[in-house]
Ligand SMILES: [Zn+2]
Ligand SMILES: [Zn+2]
């Protein structure tokens, strides 16, 4: 089993990132990545994202696909990272038909629960869901949605930032209930539906300063034999490959020996963590 330095969650200016795919791939080469999955936010229906601020516009999808395929070829010809075509797909009721249409050709589909009803749970400019429901109820609803997303026929390859509901825990919105039963449900849902889960270093760049998922949740995933991927969720070149080495050490400490890595041809490879 070989080791690959892989960042499985990367954004560009096709969605809400700051930099072009070319700039991200150049940064990936500079960071010594072997594989990077471009996972811009998949197109959303107008009711959810009326101005297409946060997701790839439908009319830009062909260019997004073409850019990634061309840059994968160019990058590899220069000894740079393999670049995998992917999307970060929001789960919401009725998303499956949209995902099938808009993500055609993708080799990686991250499943994310950012939305509960019409509320975004990770928008620092709008914490109204926390003010209205409180953190405990956000957690309960989040886990219900997350388990439904695991069960979705969209068949997500990876569940991204699994405990996103902790996003504002250091900014006045910590859960006060015991999360253990919710963690148990998440591990069971991921296991029974055959999902992978992501270790994300994005949380290390937030005030709570920890990984998604928290250690106690990661250990439950490990006990349930749920495979992992590792990603930075970079939206800038500066954050690409952010602390992937630390995340691999975190996975080893939680009892993992391997991470799953996607390839441009759609194959997945089980790789050593060190
Ligand atoms: Zn996300
Ligand atoms: Zn993301």
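Read-outs: derived from the displayed coordinates by stated rules, not from any lab. If you're wondering where the values come from, they're calculated on a predicted model, not measured in any experiment. Note that each Cβ is placed from the backbone with ideal geometry, even for glycine, and that neighbours are counted across all protein chains shown.
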Write down the Å³ per residue value for the convex hull defined by the alpha carbon atoms of the range 185-274. 108 Å³
Zone of residue 151's modelled label, taken as backbone nitrogen in the range 168-200 under 17 Å from a point 7 Å along Cα→Cβ: 182-195
Where the centre of each part is set by its Cα atoms, how far does the range 195-274 sit from the range 69-147, in angstrom? 16 Å
Share, in percent, of DSSP beta bridges within the chain that are antiparallel, nearest 5: 25 percent
The range 125-177: Cα Rg divided by the 2.2 N^0.38 Å rule of thumb: 1.24
Stokes-Einstein D for the chain at 20 °C, 1.002 mPa s, Kirkwood Rh over Cα pairs, in µm²/s? 116 µm²/s
Please compute, over every Cα-Cα pair in the range 156-212, the percentage with a separation greater than 15 angstrom. 54 percent
Would you look at the GNM of the chain, springs on alpha carbons closer than 10 Å, and say which of 244, 110, 218 moves the most? 244
Summarise the long-distance tail of P(r) for the range 1-63 by giving the % of C-alpha pairs beyond 20 Å. 35 percent
Which residue, 12, 152, 118, has the most motion in a Gaussian network model of the chain that connects Cα atoms within less than 10 Å? 118
On each of the three principal axes the extent of the alpha-carbon atoms of the range 113-216, given in whole Å and largest first, is 34, 27, 25
Measure of size requested: the Rg and Dmax of the range 27-128, with Cα atoms as the atom set and Å as the unit; please supply both. 15.3, 49
Mean separation of Cα contacts under 8 Å (6+ apart) over length of the chain, as relative contact order %: 22 percent
